[in-house]
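For reference, the structure discussed in these notes is given below.
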Amino acid sequence: MKETGIVYSEQHRSHKTGRHHPESRRRLRVIMDTLRKQHLFSREEYRFITPKTAQLEDLQLVHSRDHIELVKQVCNSGGGLLDLGDTIASKGTFTAAAYAVGSALSAVDEVVTGRLRNAFALTRPPGHHAGSDYAMGFCIFNNVSIAASYLATKGFQRILILDIDAHHGNGTQDIFYNSSEVLYVSLHEDPREFPGVGFDDEVGRGEGLGFTVNVPFPLGTGDSAYLKAMREIVAPITREFTPQFILLSAGFDGYFLDPVGRLNLSHQVFSLIFQEMLDLASEICEDRLVAVLEGGYYTRRLGQLVLSTILPMAGKSLPASVHSHPVDSETEKRAEKVVERVKKAQSEFWDTLDA
Ligand SMILES: [Zn+2]
């Protein structure tokens, strides 16, 4: 049995955002502490990998020279803000961000060559809000998009990115909006507040028409609508698309206690979503799946949340006794209607959704 890779670099520590910023160094510390306490380091099902840094040519698979230079300059001058919000760069951010990209690429490399069954890249800063020439929403370089573009250079022609972060991955959507090689599917909270795009009528353009699938849920949506979307949209579209590689933008800020996300998801839903994608990867693409960490800011629980996705990656059963969190039934009804609406709209592109 091949191992599951866990890719982690201490270099993320040089990305300093300050103690009160939600996207802090504490996030990866609590994840690593949890994995350590579970003795994952010594279990034969897992292999820990220290990544290399990304090279300029890797960043340029997705990002403009100007964007890369700007990030470098801000860091060299001691740090500062990279957008109008709270995307902070410190002196060491360029190094950390290049290692975050390197982590995603190392994970992909190990899976492509068959040395690993699948892998989770524990990265920060996160990536999915970063576009080809902008940083945004705590994201500097788009880790998962660079991984997808890298796969395309290796001859992969059908790559699925499923984004389960609470927020829409506007950067990723932007980068692949005209592409039929990368199918971008995102389940997320109402994007009106942030990032302002990710509505269900955004479905791709040109060659990419039909290769963007957005499922924007009302604030407060809980497990059952998410699982319905997995069952009735994500799984059938994935089977029809038959990806050669599955990438997960794995954000955990949909958890009901998260201070940034505004969904109502319980602990169990993250492992159930992973389990579904692992099953699809096994059925369709010889298990080739890499998860890349995005958001997730409730640090008292983040380690456990990540653990409950890493266990099924190695074929381990889920921790028992995780209950679903109660949701408002009105919200759930509205959320289920969104699923129906998206199915109808996307049936223009996917035969499997034809009612
Ligand atoms: Zn998020």
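Would you mind calculating the gained length between ASP66 and ARG192 on full extension (0.36 nm times residue separation, minus the Cα-Cα distance), in nm to one decimal?
Values: separation 126, 0.36 × 126 = 45.36 nm, distance 2.87 nm.
The span from ASP66 to ARG192 would gain 42.5 nm if fully extended.
Surface analysis of region 4-353 yields an accessible area of 39 Å² per residue, using protein heavy atoms and a 1.4 Å probe.
Which residues does a label at THR153 reach in region 192-220, if reach means a backbone N under 14 Å from a point 7 Å past the Cα toward the Cβ? It comes to no residues whatsoever. For MET230, the solvent-accessible surface with a 1.4 Å probe is about 10 Å², rounded to the nearest 10.
Summing +1 for each Lys or Arg and -1 for each Asp or Glu among the other residues whose beta-carbon sits under 12 angstrom from that of ARG334 gives -3.
Translational diffusion coefficient of the chain at 37 °C, 0.692 mPa s, Stokes-Einstein with Kirkwood Rh over Cα pairs, in µm²/s as a whole number. In µm²/s, the coefficient is 166.
Taking the 1.4 Å solvent-accessible surface of the chain as the whole, the part contributed by carbon and sulfur is 47%. A simple count of charges around HIS63, restricted to other residues whose Cβ falls under 12 Å of its Cβ and scoring Lys, Arg +1 and Asp, Glu -1, yields -4. Modelled spin-label separation between LEU81 and HIS20, with each label point placed 7 Å from Cα along the Cα-to-Cβ direction: 1.5 nm. Here the label points at MET1 and ARG43, each 7 Å from Cα along the C-beta direction, are separated by 1.0 nm in the simple model.
If you add up the charges near ASP83, with Lys and Arg at +1 and Asp and Glu at -1, over every other residue whose beta carbon is less than 14 angstrom from its beta carbon, what do you get?
Numbers: positive: none; negative: GLU23, ASP86, ASP133.
Overall, the nearby charge balance is -3.
Across region 257-272, computed HN-Hα scalar couplings (Karplus, 6.51 cos²θ - 1.76 cosθ + 1.60, θ = phi - 60°) run 9, 5, x, 10, x, 10, 9, 10, 7, 9, 3, 4, 5, 5, 5, 5 Hz from first to last residue, x flagging Gly and Pro.
Note the count of lysine pairs whose C-alpha atoms are less than 14 angstrom apart in the chain, limited to pairs 8 or more residues apart or on different chains.
6
Here the 3J(HN,Hα) profile of region 275-291, calculated from phi with Karplus coefficients 6.51, -1.76 and 1.60 at θ = phi - 60°, is 4, 4, 5, 5, 4, 5, 4, 5, 6, 10, 9, 6, 6, 5, 8, 10, 9 Hz, Gly and Pro shown as x. Around the amide H of HIS188, modelled in the peptide plane, lie the amide H atoms of VAL215, PHE217, all under 5 Å away and 5 or more residues distant in sequence or on another chain. For region 4-353, the relative contact order is 18 percent, taking Cα pairs closer than 8 Å that sit 6 or more residues apart in sequence and dividing their mean separation by the residue count.
The values are calculated or read from the model by the stated rules, or taken from the named source; none is laboratory data. Here the structure is a predicted model, which is why all the values come from computation and not from measurement. Cβ coordinates were reconstructed from backbone atoms using ideal geometry, including for glycine residues, and neighbour counts include every protein chain displayed. Calculation scope for accessible area: heavy atoms of the full protein, side chains included, ligands and nucleic acids excluded. Shrake-Rupley method; radii C 1.70, N 1.55, O 1.52, S 1.80 Å.
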